[in-house]
Every structure is written in structure tokens, then in C-alpha cells.
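Just below is one structure, and these are the notes that go with it.
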Amino acid sequence: MLIACPYCGPRDLSEFTYQGDANRTRPNPMSNDQSAWNAYVYERVNTAGDHREFWQHSGGCRAHLVVIRSTLTHEIKSVAFARETAK
Amino acid sequence: MSPRRAHNGGRIDRSTTLRFTFDGTAMTGHAGDTLASALLANGISLIGRSFKYHRPRGVFSAGIDEPNALVTVIKGNLREPNVPATQIELYDGLTVESQNRFPSLAFDIGAANGLAGNLFAAGFYYKTFMGPVAGPLKGTRFWMFCEHFIRRAAGLGRAGHEPDTDRYEKMYGFCDVLVVGSGPAGLTAARDAAADGKKVFLAEQEPELGGTLRWKSAAIDGRPADDWVASTLAELAALPNVTLLPRTTVWGYYDDNALGALERVCDHKAHAAIGEPRHRHWTIRAKDVVLATGAFERPIVFPGNDRPGIMLASAAARYATEYGVLPGERIAIFANNDSAYEAALSLKDAGAEIAVIIDVRAGVSVAARELAREAGGELLLGYAVTNTSGARRLREIEVQPFADGKIREGGTRAFVVDCLAVSGGWSPAIHLASQAGHAPQWDEALQAFLPPAPTQRWTGAGAFTGAFSTAAALGDDIAVNEPEIEYDPAPVFEIRPSGRKSAKAFVDLQHDVTASDIRLAHREGFRSVEHLKRYTTLGMATDQGKSSNVPGLAIMAAARGLPISQVGTTRFRPPFSGVSLGALAADRHGHFKPERLTPMHDWHVARGAKMYAAGLWHRPMIYGTGGETVEQAYVREARAVRETVGIVDVSTLGKIAVQGPDAAEFLDRVYTNMFSTLPVNKARYGLMLREEGIAFDDGTTWRLGEHDFLMTTTTANAGKVMQHLEYYLDCVWPELRVHVTSVTDQWAGAAVAGPNARHVLESCVDGTRVDNDALPFMGIVRGEIGGAPVTICRLSFSGELAYEVYCGAGHGQHVWDALMAAGRTFEIVPYGLEALGTLRIEKGHVTGAEIDGRTSPRDLYLDWMLSKKKPYVGSAMVDREGLLAADRIRLVGIVALDDRPLNGGAHIVERLGEEPRGSIGHITAFCFSPALGKYIALAIVKGGKARHGQRAYVSDPVRNRFGPVEIVSHHFFDPEGSRMHG
Amino acid sequence: MAEYSFLSLLRNALSGNEDWKPAWRKPDPRPSYDVIVIGGGGHGLSTAYYLAKEHGITNVAVLEKGYLGSGNVGRNTTIVRSNYLLPDNIRFYEHSMKLWENLSHDLNYNVMFSQRGVLNLAHTPAQMDEHARRGNAMRHEGGDAVLLGREEVARMVPGLDMSASARFPVLGGLLQPRAGTARHDAVAWGYARGADRRGVDILENCEVTGFLREGERVVGVTTTRGEIRAKKVAVAVAGSTGRVMKLAGIDNLPIESHVLQAFVSESLKPLINQVVTFGGGHLYVSQSDKGGLVFGGDLDGYNTYAQRGNLPLVEEVMSELLAMFPNLARVRLLRSWGGVMDMSMDGSPIITPGPLPGMFLNCGWCYGGFKATPASGWCFAHTIARGEAHPLNAAFTLDRFARGILIDEKGQGATPKWH
């Protein structure tokens, strides 16, 4: 796979670390809604298709990226800085 | 009669004679020979033995698709097994052995298996060897007894136990166009792309570029094909934007046009040049790929089709034309398409006699008839080969009339021949395309699978696309003069005489899968292509079914009464052909993980430290002084810390600079306790949890300025903590103005601990006072040691008065030397991890053995660190019922009551019985405590504190250590902490 | 159907092997069954087998979207072991081991379970202690484990890098002697034949396209071969769990699908007798009866349903293999493939009634699915038949995450790629 880091340019998979599902939203830290926390920490949509996910360019600029990638074909549809798009 | 060198012709260099040995027999060949051609030239036709029945086998192909002629190449004490003789370039001194035979190739007792062939049909082993249900051979024993012999009989070549001393290399290549294959289509594609100014890689698995043009007769642009190849290659070689890669097999097509390729740099040499790797593995990232991988000829399956001397027609032609070798003197041709007629003429031109051309078709093209006439010999249309004979090589074939897919009885004729050249049509080499795309498409006219629609950026060219002629490969602009033959074969894959018991008809030659095995699989319900493959092992041999795949599917399709298009084919997966493991590991082989050494590493080693691997780091375990045991050494070192002063290298601790206006707020969120209240120039111990409320890491964090913190982590978790922090800053709290930087490698650290620690510092630190007022517990000062700037924090892991001294990594040794010099008066002792562990166990401090990813802060009695004033990572889930359960295993201390050493990983039980049962926990760390004079340990035990004062037992069956212990508080020594505050 | 034996083999050989019958029937779907098991892989087939054998429930259909055994049961590295750390896992996998030890007899099908031992190497004193902890945990649950020293390991596994300069010096290892390998496809085929012989319908090329509901309750499925109703619907589809459960409207499970690559070398004469695992990274290797070295390492490490991985992981795995066995550089990789793993959030499985009424769920096998095949089916059959878990799978619930009763074998938390 080739991920187009917005800072460094297109780089090989081996430079990146997968950081998981980016569909989840961390509950309000003051919230004690256990089902919301359970969903955030343990539940995954596990999409078969275009999946929104975090990758860190750990072997490069170390930025976290939000990548939309097909889990069926590995085709990458979009890449953006997580800081700018995180929910 | 036997194969022999032709009197002239071929592209070999007859003026260069090369010596080689085969099974110890000295032979010669010429430069340009492969081992296969050289063996044939020496009259050798028996080269290998098959996998299951140990049948005698000879050369079947002239390329990478070879199933039969596998040998072991020996270089010094290194063995490379299972190399096709067709892939070995001859060099002077080449030494090879045949394989899978005992006692010799000519007489192999394993061939007895063939006598019981029906017993050893596909899947036989699933139906037997279960053994008795009771008695001494019950369970798996009988099977394992039988398996022992099966394993010895199976396998092909023998690999060696010696470490491979050759070098393997890795290379990244980037290009606009990667052309795979250098036949006419590949050369044209490369030339066109190069002319457009593209950066081009042209990869060819064979040693010479040119593909079929090296042995097919065609005139291009009015000159011989090899002239055209030579001038095209010269043109390409002169271009700066073209890289030619001979001996390079593109084997894998991965995501985003990343292709793996193996370059065999010096397999064809007796010795590598200085610095030359044996193999070079390429990862090629190509904007576009042109697949010009050609096609494989496939055989027709018929009884007795495996004798040495029976080979693919194109291979026979290639031996004659390229290598100047006659695979036989009197040759028969058996075909279902026209391409074999070209081969017949090539063989005749090289000096062989064509005895007969047998074609299953009733009629053939004018071009084929013309070729047959020129080649001489009888033309038998509407015939098929139905049997062969000959002990270790082909002597005679039988043919019978054939029509409507069936043998017609009667009319049997026999021909005495020493070679049978067979063509059952052509299969495009779609492997890479299939790896990178959808399912291949069956083409009725060509009777072959064509490449699927691409899912990646590739285009196809030449025979790969099903256009098999040279003219089609070169395109319209180039004039080609070649016979206008029909490549479309008759849909005949198997000749199956009816009525009488016939010889075995092999589909997968290497694995001895026969046509009747395939029908057996069908009969037993293993009918999908994947079941067929898995049940019979069809196509799973080293040649990966390159010649057997389509005939096998065709036989299954016939059995099912379905067209081949509905039976489909298995998906091709990497690699296209075998890739040396050495090349894939390349230079990382043996040391693929970097070793991390602290700035003081050499000093430790010079002082006799026994080093210990902690993750990637190497740390002193003990500093042995002559004749001490490990225990004596660490007890001496730990005692010195308690009694005077010691020094330990703590450079390996993870260090992260946390900086920015919101740094304090950020730390409040990631640590369970409060950091925003920490004054500048003070440090605090912090605990981090995962979101789940499980302990993650701990360490001290120092406030160096209002917005400037230095976080320390455990050595093991430094990378993970860094990634954890970055994740939260980027993905969860992007609003926080904080930057984190790993500075682990930038700082060297030494901890000076013991009652005399302050005196040591006082005598070497300049620019600051270090007394209790200037540097109270958890205080930070900056100064100089030996002229080098240092930051000193007074904190203690050992429970003694202690300081951590940090300086730039480049000053590490200098500062360490200064501290050692200053400590000489106090008999300062360097101590290692064992003493460090001893001191912390006495104090009951936790580390990675207790923070093992499963324990909660309460399990470790660290709940006092859980702030109630603010949320933090983990706060929402730390109170779940499972984390509060009474039977959780929690931290305790253990004292051995039998004065014998304990062991990490030993379990704790309430009582000892016949069998070890009833574990209530385990020991995480142990030592002999010099302070207490006892063997003590930390443990995690069900109930924790509630068991203090109870008698229990250590149960360590894997080390056979059992004995009484007392469960006590984990704070063994100075629980009030008076010593470190002093 | 006839018993398989040496005699039947001999009799059939004499008649040209013309009289063998299909190993299992190819029936058409009936309109309804007592139990539908979705997933014709190892776990689905063993579930059907034990439903029939242990609980007398034979009106059962196994629904497979492709060919039988097309998923992970035929894509793994064939390792069978029960060398776990946590008691819930040890007990479950020990039960599996006991079923394995008699499986060929039980199924009248040689699954070639060979107890050649699994040896986990240790390269640091801390690793030796971890192995001791695990070995002791196994021994305290009645399992078998032996801690070996360096010399014993060297004698047992020739070819290992025991040199002084080794990057990962071998200090010793933990051996489970009863562990070993089995022929993976044979397990699927043996269970299929065994279930079929007891009356279970195995429906291949029968893809589930939806669930039939009456209110909340699941009462059947729609398939590419028509509608099929059932009193109970059990899901055992491993890597496809996300996709199938989505058809029932459940799209938040503690599961991520990841690809794990596996590798086979060309056939060699016997070279490595045990299953050997590397402690300097993550690698396991054994040699098949045919002679190929069978090995694998880490996950590629990203969500995927594609049964193929990428090149960096291939290179990593080979590097680890050669760090252990520097004599293998001249051996060639012959095949590689990928399987889709249903990675759970604590690395342990889920075998439970629910999450909908009428439904039963079996998933979360991570790397461990193959060796679990007998016990998974055995426990799942019990759970389906009785409507509640057996003590052996009582801990493998779906709500353990919310409740914090985790079975985190590796202590890695909710990061599936690390399990």
C-alpha cells in the first residue's frame, strides 16, 4: 500500500502504523455513560468497504492521518491530517 | 539411442568447455548451457525421481515450469535443494546431486511404492493409519509411528544445517513503467515507453533477454530474429532511462503497484565478486506495469506420459535451437495444435529425425501441413498416443485412431522413438495479473484462461493476452515473416483408452497426481477446484502446477459434465515461482532488530558487566568481580547502595519532552494524578492507564518550566507511551497546544543512590547547591559536572537518598567518570539491573512484571494515585465490576520460609498436593534481600492484602521448586520512606 | 456410509478405486431445520457434528457460502496447542486438546494430529520467567509443560542459531509435548463427513443474504438457495462475522477483521521436527509431512477482508525465520496466502447465546481458531442445545467487555492487532 501523507508525500506502508477505527467518538470525559464508553473502547463497525481509520506516519513526520480505505480492495480514497479532521 | 549434442548450431559457446559433476560423475558442457541441456548433451536422460511413486523422470520443459528435473546444488558445505536443472546456468566447477532417491538415482527402492499405486491413490492417508482405539497405540500414537516413516519418504531435496554465509541484498526501485518479460512483446513495450521518455525497468527471469525469439524461427524487418533482438537490446542498453534486469523474476504483485522481484546476481558463478550479493530482492514501485510474461505450453495427458524422453514440444525445440542439443535422435511429435509443427521443423533442422507427427485433429492448417512436410516423417491425423514403454527412458510409443474425443479400438501402431515432443496448447502466464485482479476468464477458442480485468495499473502484451504469434507480439509496425499457424488447440486434454487397464496417466508430474486421482476426487465429492487441489495436491509442487493446472481442471470439468468456464480455476497467489528466504530477509537476516546501547555501554563491558537484553537495549545485569555468583554480585552491589553509595546507568528510561501552553492540562488528562499543581523544578511520580482502566505505564515527570515538562517512562514502554500521547494529541484533543518529542536518545542518565549520595554530588557538582534546602525530595536543580551541564532530580527508586543526574548523551561517559571519581572516597559501587531489582523489590515498587497489561491500579494498591478531582484516560472504566471483584489477583510480598531461592513465574498455592493444582497467583520478581537477609519476592495473589500473614506455598513444577512461604506486605523495607527523605 | 480403514482401502484398491462414495452428500436445502449453523468452516462443521453426536440434534443444516472449508480452517499453519496463560483459556484449550487426541478415531477420518511438541524459545531471563509462569499455569490446570534449558533446546532443534554472536541468544524454551500439528483440510472434511453421516445437511454454495425475524427473534435466513427457517440460528463465520451480523442489524461487535499471512516453503527432507516459535519477535514454524516448512508471523496490522497481505510483513517474517534458522536462506518460499482473522478486543473468543433471541454467536478467534475447532464446536453445540453456556465457555461472553471481566491473554488491551 502507498499512503499519501499530506506532509511527506506518498510513502510505503512500512513507514506507517495502523491506529485503528476512526469512526468512534470519545465520550465526554465527565460522562459516566458506561454503554457509550463500552462502544468507544470495545465496539467496532468493522466495515466491509470504505473504512475510516487512523494511521500514524511513525517512520516519517509522526502525524496521525485519517485515511479512508477500502477493506475489500485496499484502495485508498482519501488521506488527511487527523488534527484537522478528527471528530 | 540417447540425447546428444548436435553437430552444430545453438547459442552456446562451443569454444568454452565447462566442467561439472552430477552425482559425482564428471562431465562437461559449454558456456550458455543450462544444467538440463548439458546433461542431455552428455546423454543423460534420467535426472530425478517423482515425489510419491519415485518414478524415473527426465527433463520435461526448458524453463521455470519444470516439474521433474530437480537437483540439489552444492557449494562448499551449503546445499540448495529442489533447483530445476532447466534454471541452472552451467559454470565451471558446478556440483549437483540428484535427490529423493535411495540408494541411487538409477536404482531407487522407493519405486516400490508404484507397485501399490492404487492403494496410494489421492487422499488414502485420510482413510487409514488411525490405529487401534485402545491399548498402547491408542490416541495419536499409531499415526505418529507411521508418520515417522512417511515423513522420511516424503520431502524432496535435503537442506543443510550449516548457516548460509552468502550475502543477500535488498533494493528499492522506482520507475514509470516496469515491463515484465523480454520477449518480442516486452522488448517492444520497453522500447516504446523509453522513447516516450519514461523511466523503464525491463525484468527478465532468464539470463538472456529475447524470450521466444532466442529459439523460434521468425524473420523480423527482413532480418533474423536474433539480429533484431540484438539491435533492440543495444538500443535499450544505451538509454539512460532504461534499466535491464536479467535473471530477475517478478514474483509478487502487491497493493498500489508494488512488485516483488528476485534478482539472482551470482548463482551462475562459481564465486561471487567482492561485495556481490548472491541474490538481490527488489521492491519495485511502478507507475505502470506491462505484463509481457508470455505463455506456458501444456502437455496432453495420456497413459505412460511421464517417461524420460517425453517433453514439451517447445522445450524440445528450444534445446535444439538455443542449446544445440538433440533431446533424441528419432523423435515423435504429439499435438492438438499447430505450434508443435514448428518445433518439429526446428528439431529436424538441428539434425534429428522426425519419425511421426501425431495429431488428435482430423485436419490441420495448410501452414502446419507444409511444416510437417518439411520436417519429414509420417503425419498421422486423427490419432493419439495411448501408451509408451521403456524402462528408464522412452523406447517406444503406441498410437491409435482418435475421433470425437475418443480412442477408436483397433489400428494400433507402434513407433520406436527416443523422444516424444508433446503440445496440448498454450496457457498465458497470467499469474501476476491474477494476484492483482479478479478471476481469470476462460477462452473457448484458445482453450485457456486469459487475464482478468485489472484492479491495478497494468496492461498486457503479447502471448500473455492470448495473442501467441510473434507478429501479434510485435504489433503492426514491424514486418514479421513466420509460418501462419493456428494456435487454437482442439479441446483435448486427456487421452483415455477404454476397456483395458492402462498405464498411469500423470497430470501433476512432480506430485504424481494421475487422471484417475482426479476422477477419484470427483467420485468422493471433492469437486470444487480448491477441493481438487487440496485433496489430490494437484498443482502444489515446486512448479506450482504451471503445466498441470489446466489439464487437471479439464479432467475435473469432464467428470462433472460442465464446461471448464464453470469449473473455474484457483486464484494465483504470490510467489509466481520460488523465492529464496535469504533474499526476502536480505541484510536484516540475523540482526533485523537494531541494538540500542547507552553512552556508557563500553565502560560497563570494560568493567566486566554481564549484559542483559531489555527489549532492544543492552543493560548491565551485574558487574562481576572474579568468581562471584550472580547472587553474590547483586547482593554486594545492593548492600553497597544501602550502606554507602551506588551508581546505575538509567539512560534507557524513556524520555519525552512535553511542551506547550497546555502541557500541564495534557498531563492531567493522561496521568491518573494531578500535574498542573506541580511547581516548576519539582518532579512527581505518575501513573498512566489505558482507557479500559488497566495500568499502562508509570514514571516520574519533571516540570522544567511553566510549559516545559520532561516525562520519563519505563524502558520497555517508551515507544508505546510516545505513540499513546501522540494519538491523543492528534486524534482526540487536537485543540491542546502541546508538542511531544522523544528525547530518550538525547539524554544520558545516572542514578546515584545511597546514604553518601549527597556527598558524592557535593564533591563534583558545580553551579548549584545540592543540600536538602536547595534540592529537597523531588526537587530539580541544574548545574555542571566536570564542565558538562547537568540536570539533577532527587528521586528514589531504591528507597535510599538518591539522585538522577541527566546530561547530554555526548557527555554521558564524561559525567559518569566524574561521578565515579567523586564517589571513590565513599567506595561507590556501580550496580546493575539485578541490584536495582533487589532494591525495588525490598521497597515494593512495581515495574513491568506487575504492570503486565492486565492489572488495575487497585490490583497494585496504587488507588491513592487515582485523582477524584478530574477525569483522566481510564477514569470512566476503572470502576467496572470486573475490576473491583474480590477475587482479583493483587500485589503482595512473599517471604521464603525455607531459606531457598524463589523464581519469577513460580505460582503460589494454598496447599501442596500430589499434583500441582489450585494456583492463587504467581511470583513476579524475586531476590535475596540483603536488608532482610531472606529470600523475598513480589507476587500477585488472589485477595491480595487480605492474605497478609498467611502461610502459603510456592509451587513451581516446571523447575521443581516447592516450599512454604509467608504472604506479607509488599513494603518490605523502610515502609515510611525515612531513608529517601533524609 | 462405509467405515474407512486399511481393509476398505485395500478392497477399493483392488477394484480400481471405482466404488468410493462421496465423503458427504450434496443435498438440497429443506424448508426448515431445528438448527441452522452459518459457516461451513471448522467451527461450524464441528458444531453440527457435536449437536448430532452429543445432543442428538440431527435436523441441522450447515450453510456455506463457498466451498466447504474455504475459510481459515484451510488457511492456517495447522498448529494445535493449549499452552495458554489464563485459566479460562487453559481449561478450554485443554478440553480441545483432549478431543484432538481422539479425533481421528472419533471421526473415522485421519486428521493426522501429530503430537510433535510446540517449543516457545526464550531469549532473555525475563522471557524465561514468563514462560515459567505460563508453564506453571498450565501444570496447575492439569496440562503438560516442560521448561527446557539452552542445551536441551540445542539438542532438540538442530539448525537453530546457537552461536555466541546471535542477536537473540537462545536461553531455553517452554515445551508442550502434547501439542503439535494436524492436517487442516482433513479436519474440515472429517467433521463434514461425520456430521453428514449423522444426518446433518451440508449446503455448499449457499450464502446467507439476510435473517428472517419475528419481532426481535431470529427465525431463519434467506440465502442464495432460498429461504430456510429454523428454531435456532447459530453464526460461526470467523473473519466474516462483521458482514454476517450486519445482515441481522448488528454492526457494533468487539471484533475487527485483520489479515494474517501464512507461508510454505518447497518440500524438504525432515529438518524441523517440532513446532518452534521465536521469542525475539513473532514467528512460528513447523514442517509438514509433505516436507514443506509452514510458517507465519504477525498480522499485517490493518482492518481488511481481503485474503491477501502486503510485502513489508513478508520480509519481516522471513527475517525472523532466518534469525532463528540461518541455515534456511537457500530454501525457497513456495506459496503464501492470507486468512481473515476475527480479532477480538481482549484476544479471547466469544461463544454465547444471543445477541438476538433465537441466535447464537461464535467468533473472536484471533489466531487461535484452528486448535480450538473441536472444543469450539463442542461448547457451541452445548450452548445451542441447552440455551446456555457450558462451564468451559461460560467466560467467553459478549458482555465481559462492558463488565470489565476481560480475558486478556497478552495484556494488550483493546488493540486487536496486538493480540
Mind checking which residues of the range B:147-167 are at the interface with chain C (Cβ under 7 Å from one of its Cβ atoms), without any contact (Cβ under 8 Å) to a residue 12 or more places away in the chain and not charged (D, E, K, R)? B:His161, B:Pro163
Considering only the range B:334-364, state which residues are more than 22 Å from B:Arg214 (Cα to Cα) and aromatic (Phe, Trp, Tyr). B:Phe334
Out of (1) out of contact with any helix residue (DSSP H, G or I) (no Cβ under 7 Å at 6 or more places or on another chain); (2) part of a loop (DSSP other than H, G, I, E, B), the odd one out for B:Arg79 is which? (2)
Please pick out the residue among C:Leu356, C:Leu321, C:Leu361 that is assigned to a strand (DSSP E or B) and touching a strand residue (DSSP E or B) at 6+ places or on another chain (Cβ under 7 Å). C:Leu361
Looking for whichever is within 14 Å of chain B (Cβ to nearest Cβ) and of a type in the set (Gly, Ala, Ser) here; the options are C:Gly411, C:Gly377. Which one fits? C:Gly411
Restricting attention to the range B:876-905, which residues are of a type outside the set (A, V, I, L, M), within 11 Å of chain C (Cβ to nearest Cβ) and either on the phi > 0 side of the Ramachandran plot or not in a loop (DSSP other than H, G, I, E, B) (or both)? B:Glu881, B:Gly882, B:Gly905
Hits in the range B:481-512 (condition: surrounded by fewer than 19 Cβ atoms within 10 Å (Cβ to Cβ) and not in a loop (DSSP other than H, G, I, E, B)): B:Asn481
Is it the case that the range C:40-55 has a residue that's of a type outside the set (Phe, Trp, Tyr), within 11 Å of chain B (Cβ to nearest Cβ) and assigned to a loop (DSSP other than H, G, I, E, B)? no
Mind checking which pairs have a first residue in the range B:930-951 that is surrounded by 15 or more Cβ atoms within 10 Å (Cβ to Cβ) and a second that is among the hydroxyl-bearing types (Ser, Thr, Tyr), Cβ under 7 Å, 6 or more apart or different chains? B:Ile936/B:Ser929; B:Leu938/B:Thr924; B:Ala939/B:Thr924; B:Ile940/B:Thr855; B:Ile940/B:Thr924
When you go through (1) within 12 Å of chain C (Cβ to nearest Cβ); (2) over 20 Å from C:Thr304 (Cα atoms); (3) touching a Pro at 6+ places or on another chain (Cβ under 6 Å) one by one for A:Arg83, which number turns out not to apply? (1)
For the range B:91-103, give me each residue that is touching a residue at least 60 places away in the same chain (Cβ under 8 Å) and more than 23 Å from B:Leu581 (Cα to Cα). B:Tyr91, B:Asp92, B:Gly93
The residue from B:Pro184, B:Pro224 that alone is over 29 Å from C:Leu311 (Cβ atoms) and without any contact (Cβ under 8 Å) to a residue 40 or more places away in the chain is B:Pro224
Looking at (1) under 18 Å from C:Ser257 (Cα atoms); (2) in contact with a Ser or Thr (Cβ under 7 Å, 6 or more places away or on another chain), which is the one condition that is false for C:Ser344? (2)
Scan the range C:56-90 for residues that are over 16 Å from the mean Cα position of the chain (by Cα) and within 14 Å of chain B (Cβ to nearest Cβ) and report the count. 8
Evaluate the following for C:Arg330: is it assigned by TED's automatic domain parsing to the domain that holds C:Lys269, in contact (Cβ under 8 Å) with a residue 40 or more places away in the chain and of a type in the set (Lys, Arg)? no
Condition first: farther than 27 Å from B:Ala352 by Cβ and of a type in the set (Phe, Trp, Tyr). Can you find one or more residues in the range B:48-66 that meet it? yes
Please tell me if B:Asp476 is without any contact (Cβ under 8 Å) to a residue 40 or more places away in the chain and more than 14 Å from every other protein chain (Cβ to nearest Cβ). yes
So, of the residues in the range B:252-302 that are in a strand (DSSP E or B) and of a type in the set (Val, Ile, Thr), which turns out to be nearest to the other protein chains (Cβ to nearest Cβ)? B:Thr283
Please find, among B:Gly110, B:Gly117, B:Gly76, the residue that is over 27 Å from B:Gly324 (Cβ atoms), under 33 Å from the mean Cα position of the chain (by Cα) and modelled with pLDDT under 85. B:Gly110
Scan the range C:293-336 for residues that are farther than 22 Å from C:Leu271 by Cβ and basic (Lys, Arg) and report the count. 1
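Yes/no per residue for (1) touching a residue at least 40 places away in the same chain (Cβ under 8 Å); (2) of a type in the set (A, V, I, L, M); (3) closer than 28 Å to C:Ala234 by Cβ:
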| residue | (1), (2), (3) |
| --- | --- |
| C:Leu10 | no, yes, no |
| C:Asn17 | no, no, no |
| C:Arg30 | yes, no, yes |
| C:Ile36 | yes, yes, yes |
| C:Gly39 | yes, no, yes |
| C:Gly42 | yes, no, yes |
Which condition number does B:Gly848 fail, the rest of (1) at pLDDT 95 or above; (2) outside any strand (DSSP E or B) being met? (1)
With respect to B:Val265, determine if the residue is of a type outside the set (Ser, Thr, Tyr) and under 26 Å from the mean Cα position of the chain (by Cα). yes
Return the total of residues in the range B:666-697 being in a loop (DSSP other than H, G, I, E, B) and either more than 14 Å from chain C (Cβ to nearest Cβ) or of a type in the set (Asp, Glu) (or both). 12
Being of a type outside the set (Asp, Glu) and part of a strand (DSSP E or B) is true for just one of B:Gly43, B:Gly10, B:Gly29. Which residue is that? B:Gly29
Of all residues in the range A:1-37, which are loosely packed, with under 13 Cβ neighbours inside 10 Å and part of a strand (DSSP E or B)? A:Gly9, A:Pro10
Reported set for the range C:148-188 where residues are at the interface with chain B (Cβ under 7 Å from one of its Cβ atoms) and either closer than 15 Å to C:Phe113 by Cα or buried (at least 23 other Cβ atoms within 10 Å of the Cβ) (or both) is C:Asp185, C:Ala186
Could you tell me how many of the residues in the range A:13-72 are without any contact (Cβ under 8 Å) to a residue 12 or more places away in the chain and either more than 15 Å from C:Phe401 (Cβ to Cβ) or more than 9 Å from chain C (Cβ to nearest Cβ) (or both)? 8
Of B:Ala106, B:Ala122, which residue is touching a residue at least 24 places away in the same chain (Cβ under 8 Å), more than 8 Å from chain C (Cβ to nearest Cβ), within 26 Å of C:Ala13 (Cα to Cα) and assigned to a loop (DSSP other than H, G, I, E, B)? B:Ala122
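The values are calculated or read from the model by the stated rules, or taken from the named source; none is laboratory data. Please read all numbers here as calculations on a predicted model, not as lab measurements. FYI the Cβ positions are ideal-geometry reconstructions off the backbone, even for glycines, and counts take in every protein chain you see.
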